[in-house]
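Encoded as structure tokens, the structure appears first; notes follow it.
Read the figures in this text as sums done on the coordinates, not as results from a lab. Here the structure is a predicted model, which means the values were calculated and not measured. In this analysis, Cβ positions are derived from the backbone assuming ideal geometry, glycine residues included, and neighbour counts consider all displayed protein chains.
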Amino acid sequence: MSEHRRSEGGAPLPDHFRSVAADIMDYAARRDGVWMDVGSGTGGLGLALAAGHNGVTLLLDPDEQALVKALARAAERGLVDRVVPLIGSAEKIPLPAGAVDVVVSRGSFFFWRDRAAGLRDIHRVLRPGGKAMIGGGHWHLAVL
């Protein structure tokens, strides 16, 4: 089954992840470094970010099967050498402090078991001067 959303008439809808990724990259004001998509699932936003910058994109999700699908999609798009899957959650990110330049999470916030702990751990892994954008499903945004 296609991963693209379809209109009522069956025509594919535009890929909204590209426009969201472009907005994030404009906000972050950079096109390099280590980026992380928290709650990446099958890689929709994370892969759009990886395609738009010159650094590495970490895909963090607790669901191993979702990450396997994300890697397959990355391979189809020629991005597999710029994407790294990580099994984990926002509350316990398996990285040292200060390891990430930009953290993004769109739509996973409502599924975190402990939102305050997740925000603390995101802050922990951000490098000094790093940026984070945490949003709901339709981009209710909190910026760290």
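In a reduced charge model with +1 at each Lys and Arg Cβ and -1 at each Asp and Glu Cβ, segment 16-143 shows a dipole moment near 160 debye about its Cα centre.
Taken along its three principal axes, the alpha carbon spread of segment 16-143 comes to 36, 32, 30 Å, from the longest extent down to the shortest.
Can you compute the FRET efficiency between Phe110 and Asp81 using 1/(1 + (r/R0)^6), with r the Cβ-Cβ distance and R0 = 35 Å? Round to the nearest 0.05.
On the way: r = 32 Å, r/R0 = 0.92.
For Phe110 and Asp81, the calculated efficiency is 0.60.
Site pair Ala22 and Ala99 shows an inter-label distance of 3.3 nm when each label is modelled 7 Å from Cα along Cα→Cβ. Within segment 16-143, antiparallel bridges make up roughly 15 percent of the DSSP beta bridges whose residues both belong there.
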